[in-house]
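Structure first, then comments.
The values are calculated or read from the model by the stated rules, or taken from the named source; none is laboratory data. All figures in this text were calculated on a predicted structure; none of them were measured in a lab. Positions of Cβ are generated from backbone atoms using ideal geometry, with glycine treated the same way; all protein chains shown enter the neighbour counts. All accessible areas refer to the heavy atoms of the entire protein, side chains included, with ligands and DNA or RNA removed. Shrake-Rupley method; radii C 1.70, N 1.55, O 1.52, S 1.80 Å.
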There are 2 protein chains.
Amino acid sequence: MLRYTRRLNVCKQLSTGTVRPLLRAISATNLRLHSSTPHPTTSSISNQLLFTSTNHLKAKSLDDVHSYQLLQDLGFLTQSQAGITHWHPLGLKVLRKLENIIRNRMDQIGFEEFELSSISSKALWSQTGRWGNTELFKISNDENLCLAPTHEEEITKLIKDAQLNHKNLPVLTYQITRKYRYEKRPRMGLLRGREFVMKDAYSFDVDYPAAMKTYDNVNKAYLNIFKNDLKLPFEVAKADSGDIGGSMSHEWHFVNDKGEDLLYKCNSCGDVSNVEKASSYPDLDAEGFEFAKAANVKYLLTKDNETLVSCYYPTDREFNVSSLTEYIDDLDLKSLNLPLEEVLARFQSTDTDVILKKFIRVMDLRINDQTDLPDFPITMFQKNNFSMITDLSIVEPVEGEICIECEEGQLESMKAIEVGHTFYLGKKYSEAMSAKFVNKDNKPEIFDMGCYGIGVSRIIGAIAEITKDSEGFRWPSVISPYDFSLVVAPKVEESLVEKFKSNVNGLTFNHFENDKVLFGNKIRLAKMIGTPLVVILGKNWPLVEIEVRGKRWVDADTPEYKQLQEIKGEQWQWTTEIKGNVEKHYVHKDHFRDVVQSLLKNL
Amino acid sequence: MLRYTRRLNVCKQLSTGTVRPLLRAISATNLRLHSSTPHPTTSSISNQLLFTSTNHLKAKSLDDVHSYQLLQDLGFLTQSQAGITHWHPLGLKVLRKLENIIRNRMDQIGFEEFELSSISSKALWSQTGRWGNTELFKISNDENLCLAPTHEEEITKLIKDAQLNHKNLPVLTYQITRKYRYEKRPRMGLLRGREFVMKDAYSFDVDYPAAMKTYDNVNKAYLNIFKNDLKLPFEVAKADSGDIGGSMSHEWHFVNDKGEDLLYKCNSCGDVSNVEKASSYPDLDAEGFEFAKAANVKYLLTKDNETLVSCYYPTDREFNVSSLTEYIDDLDLKSLNLPLEEVLARFQSTDTDVILKKFIRVMDLRINDQTDLPDFPITMFQKNNFSMITDLSIVEPVEGEICIECEEGQLESMKAIEVGHTFYLGKKYSEAMSAKFVNKDNKPEIFDMGCYGIGVSRIIGAIAEITKDSEGFRWPSVISPYDFSLVVAPKVEESLVEKFKSNVNGLTFNHFENDKVLFGNKIRLAKMIGTPLVVILGKNWPLVEIEVRGKRWVDADTPEYKQLQEIKGEQWQWTTEIKGNVEKHYVHKDHFRDVVQSLLKNL
């Protein structure tokens, strides 16, 4: 019934355009859903991209390669533009493992996972006064839209609209999503990007005691994440709440010399503070202690411009306002950065007579009556309106000064990378947005809130930076892309390798198969990538060689494997060889899996 | 050594600001990491938010409630603003399950998962000529940034920079991430949002045959997802490639009367096309067939403006250019939408004499020499330059016309919701971006590409819409938030319920515990949420009642449970009761788990 086959013979007279046979065009578009030749599966693209970059093999040391650059060179990720990261399969494995660690710990304390949109609105951010933030990414197409760097506004609106009552509380929410911050100068790769992965949690409680319980629980979950899961050296520091606001906050830091944060820790009570929040007393009994010879001054105003506060502190120290804000809570901290003329203009330009205005002079503890003070810029005042504070420390600590908490120990300083922050928010956001629940007395009441962040992609950048040594990365086993890397010596039979691979159930590994890379270079690459173990099949077969690449940050003296080795070592032909920093294990192939599992527990 | 306790007695003279005791402030900030009272875990917030919205319980039918509204009312998600969705825990469970189904199928065919940033750049989008797209979200802070609706540019750049050779190919990549499209009028909730979750995959092959193999493999993976995992009625349609470009594409559709797409399917060979790509022959032998009495005309130009194509088609039909583009591949399709004057101006305003220009007249098959044609707008031409095509169908099909593929069957129309699209791109993007690999002959060669999308959040919106009936949703078991909902009759002992719960290992369920909701309403809510099974513990104990809420889209006559029931029915006290649309099972509690697992297999 091919009534239309005549169409094959048409169009010969067409002299323009490219004429194609219709049938051919159509048949080419037929779906080949039942093709019987399976597509050959390819070797891992992670490997492929990896092996395109072997330029570090000749380097004697990777000390001079920045960790973010090395992540790129090894195919974990790509920086597509300043502050922006594309995650490759290898890096994504690390990211997902870390996300799941955090997810499990948040689930454990009863938080429930949401995923809020990255797009938020002027309407909400105006309610909390944060629409003007210059780090907020905004949208050209619609001036009412922004990309959210954090979600206090959106989640508060959502929970407000749910019209809950006190029996529904606490409401505990979290999400692990991409966030956006318009960093003008993004830098240090994952540590300060324009797009980043953050775990942000938000709690809604009936009152302050309930909110404190929630705050404690989150800090316990964080302790589990940092102490029991990741195991790298960390500190929890009292911190300034900054832009987020609220009256209490703690920062979670990895201790590292390359960190941008400065912490002070007491060698007696262990109290830790970020430098912004830190305070110390001079050790008056110390040999050679002297009061300051000369002082600098900082001027600031109270929010009502009715009081001028002049702060005198030693010329050789850095001013720190944090202790003062504990005493006087209506200080206008922005006035601290104004030129003196502007401060004075605000102080004197109001309607009330300057004669009636108040003055506070704050003398740092390190100043006495011998200290040379700068001239006071105002000459007209009532002596009655003058008061003095003489017992505050208003400078940043220096090492060796006395802890303000226990008044016993001395402070030690350390550099650190901030990776988490917990905030007790109180009613800052819920009040601004009129977010209420119905209380026991059937009355509307404002939520007591907390918010809790973990920089997920930041942790990966930090751990890359902290663990990198001259040979490459050293991932903690819980977030390593693989449990081990497998390197096979030349001439080892393939059937032997296949049999070995089929016996490592439950373990993940990355097999370096590229023929063009030399045996020694494969080992170097495996170490560079930083799986906790590098496994070599070679001349000692049926003994397998396991080089420990990971680091035992805790319990270094009694790693769990030693207990097992004591019992099973002989039977399993399991020996350990330690030369310098290199720890190698040899074990019979039949017991490889058990040994690896015991080794991983402390890595 | 409390050398500084004197500080407690200071500041009494201060008459401004709020002075707080320093010690109290500091002690309140101590971390309570070792608090021994565990925070009470709360009942699911999904449940809480759910039970705040019981307004549908009184409704006789949910037919008039839009599926996206019902998703919100039941606490699956919230629309925070037009086109923007916040996912709640309940909805997130559905989203995650669907993501994992797709992830597994992509992994099976050797694709590897990436996560590219949502932020892309003018530099890349200009290279492919897509920077001007008005649906591209752009950033105010930096005019060189946009939010990516798709990632051809970024992934092509990434793979180009990897400097691969032919042995590395194919490179097969995918990601499941949020995408952004500035819809001017976002509508229908998850079906057309400004932010949406998409699985997008990209392939890089050495040549056309290799690219076709990849294209086939992806379509096989899609077939697995739609046929074997989700099991809802779907069609695969030949489609227009639209903005994405490339020479071949197929759309994946759920068949549904509320869909915005129109498909035509042959009742003989089964060929399916989207209306944009569809063509049909009139059935000349049909009783009452008549050629068109009058014709409309459409004018269009070739890209070089050297040929005017005039297309005549019946006045009672819709013009469709797709068959014509198969014949003449340098048509300027944009000229189709220009006013006639502009078309003529472009045709006549060039330097060459209009006398030399070419004309093609295209007559739809339904036109003959009796048909009344509109006047031709140009009078000056050479007869030699005139050609005619008379055997094309240039109108949209109507039901009952003849299939252009087999020339046997008749076309049937159906409405559908597009949820996936596979494109063979060829060298469209790789050429524009000079993305090359090193071929066998050690020469640089342009990649042959494909790209493959699945609207992940769109599928959820579509399934919600398709499965919703007058009582609520009916999720396929593979993406249902829970395997079943548990409702307990009043007065059933709590210990009995706890024992029952502890015996359902491996199954997930949602227990409706709220005391304030009546028993009957709990059952209605459980059905509304749409888990495939609703389980009731009540008066028949130790028999458990299982109401089937899910739908058997395929194999409806021989669901798997029937085989099991034949063997075990008596022993397990398992009976089935079917009344109208309601299917209920009763089974002894000790065999509940086995029965549920067998029921879920076809739901």
Charged-residue dipole, Cβ positions (Lys, Arg, Asp, Glu), chain A about Cα centre, Debye nearest 20 = 4720
So what's the angle, to the nearest 10 degrees on a 0 to 90 scale, between helix A:152-161 and the longest Cα principal axis of chain A?
-> 90
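Report D for the range B:496-551 in µm² per second (integer): Stokes-Einstein, Kirkwood Rh on Cα pairs, 25 °C, 0.890 mPa s.
Rounded, D is 200 µm²/s.
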What helix-only [θ] at 222 nm does chain B give? Using -39500 (n - 2.57) per DSSP H run of at least 4, over all residues, to the nearest 500, the answer is -7000 deg cm²/dmol
So how much accessible area does A:S323 have, in Å² to the nearest 10, using a 1.4 Å probe?
-> 10
Where both partners of a DSSP beta bridge lie in the range A:472-600, what percent of those bridges are antiparallel, to the nearest 5?
-> 65
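Can you quote the Å³ per residue value for the convex hull of the Cα atoms in the range A:385-524, rounded to an integer?
So the per-residue Cα hull volume is 335 Å³.
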Short version: what are the Cα gyration tensor semi-axes of the range A:289-394, square root of 5 times each eigenvalue, largest first, in whole Å?
-> 23, 15, 13
Short version: which residues of the range B:156-172 lose at least 30 Å² of accessible area, all chains versus chain alone, 1.4 Å probe?
-> B:L158, B:A162, B:N168, B:P170
Could you give the Stokes-Einstein D for chain A in µm² per second, using the C-alpha Kirkwood radius, 10 °C, 1.306 mPa s?
-> 55
Would you mind pulling out the separation of the Cα centroids of the range B:363-429 and the range B:229-302, in Å?
-> 11
The ratio Rg/Rh over the Cα atoms of the range B:183-252, Rh being the Kirkwood inverse mean 1/r radius, stands at 1.01
Go from 0 up to the bin containing the longest alpha carbon distance in the range A:472-600, width 10 Å each, and give me the % of pairs per bin.
-> 12, 47, 35, 6, 0
C-alpha long axis of helix A:208-223 to longest principal axis of chain A, angle in ° | 40
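Taking a ≥ b ≥ c as the square roots of the eigenvalues of the Cα gyration tensor of the range B:529-603, is the shape rounded (a/c under 1.5), prolate (a/b larger than b/c) or oblate?
Since a/c reaches 1.5 but b/c is at least a/b, the shape of the range B:529-603 is classed as oblate.
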Percent RCO, i.e. relative contact order, over the range A:322-406, from Cα pairs under 8 Å lying at least 6 residues apart | 36
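Which percent of the accessible area of the protein assembly as shown is formed by carbon and sulfur heavy atoms (probe 1.4 angstrom)?
Roughly 46 percent, rounded to a whole number.
What order do you get for A:568-580, B:532-544, B:142-154 when each peptide is scored by the mean count of other beta carbon atoms within 10 Å, highest first?
Ranked by mean Cβ neighbours within 10 Å, highest first: B:142-154, B:532-544, A:568-580.
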List the extent of the Cα atoms of the protein assembly as shown along each of their three principal axes, largest first, rounded to whole Å.
-> 115, 81, 74
Between B:T390 and B:L338, what is the label-to-label distance in nm when each label sits 7 Å out along the Cα-to-Cβ direction?
-> 3.0
If we hang a label 7 Å off Cα along the beta carbon direction at A:Q370, how far is it from the matching labels on the other copies, in nm, shortest first?
-> 12.3
Using the C-alpha atoms of the range B:237-313, what convex hull volume per residue, in cubic angstrom, is computed?
-> 182
Shielding score for A:267-280, defined as the mean number of other chain Cβ atoms within 10 Å = 1
Just grab the label-to-label distance for B:T325 and B:D257, each label 7 Å out from Cα along the Cβ direction, in nm (one decimal).
-> 3.2
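Mind checking the dipole of the range B:474-600: about its Cα centre, +1 per Lys or Arg Cβ, -1 per Asp or Glu Cβ, Debye to the nearest 20?
420
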Chain A Cβ-axis minimum, rotational copy B, residue and distance in Å = A:S140, 2
Mean separation of Cα contacts under 8 Å (at least 6 apart) over the residue count of chain A, i.e. the relative contact order in percent, is 15
Around A:R458 (Cβ within 14 Å, Cβ-to-Cβ, excluding A:R458; K/R +1, D/E -1) the net charge comes to -1
Normalized C-alpha radius of gyration of the range A:79-137, against 2.2 N^0.38 Å?
-> 1.59
Can you give the net charge of the other residues whose Cβ lies under 12 Å from the Cβ of A:I417, counting K and R as +1 and D and E as -1?
-> -3
Percent of Cα-Cα pairs per 10 Å bin, from 0 to the last occupied bin, for the range B:140-264, please list those.
-> 10, 32, 38, 17, 4
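Applying 1/(1 + (r/R0)^6) with R0 = 30 Å to the Cβ-Cβ distance of A:A59 and A:Y586, what FRET efficiency is obtained, to the nearest 0.05?
Efficiency, from the Cβ-Cβ distance: 0.55.
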Inter-copy label distances at A:E290 (7 Å, Cα→Cβ; nm, one decimal) | 11.6
Which of A:T467, A:L518, A:P377, positive extreme of dipole for the protein assembly as shown (C-beta unit charges) | A:L518
Any trypsin sites (Lys or Arg not before Pro) in the range A:363-468 that lie in a DSSP loop and have at most 12 other Cβ atoms within 10 Å would be A:K440
Label geometry 7 Å along the beta-carbon vector: B:N228 inter-copy distances in nm | 4.0
For chain B, the longest principal axis of the Cα atoms and the Cα long axis of helix B:519-529 enclose an angle in degrees, to the nearest 10, of 30
Keeping all protein chains in place, calculate the accessible area per residue for the protein assembly as shown (probe 1.4 angstrom), answer in Å².
-> 43
Total accessible surface hidden between B and A, rounded to 100 Å², 1.4 Å probe = 11600
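If you average the sequence gap of Cα pairs under 8 Å that are 6 or more apart and divide by the length of the range A:101-159, what percent do you get for the contact order?
34
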For labels at A:V554 and A:A345 in the simple 7 Å Cα→Cβ model, what's the distance in nm?
-> 5.6
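Taking K and R as +1 and D and E as -1, what net charge do the other residues with C-beta under 15 Å from the C-beta of A:N168 add up to?
Result for the neighbourhood of A:N168: -3.
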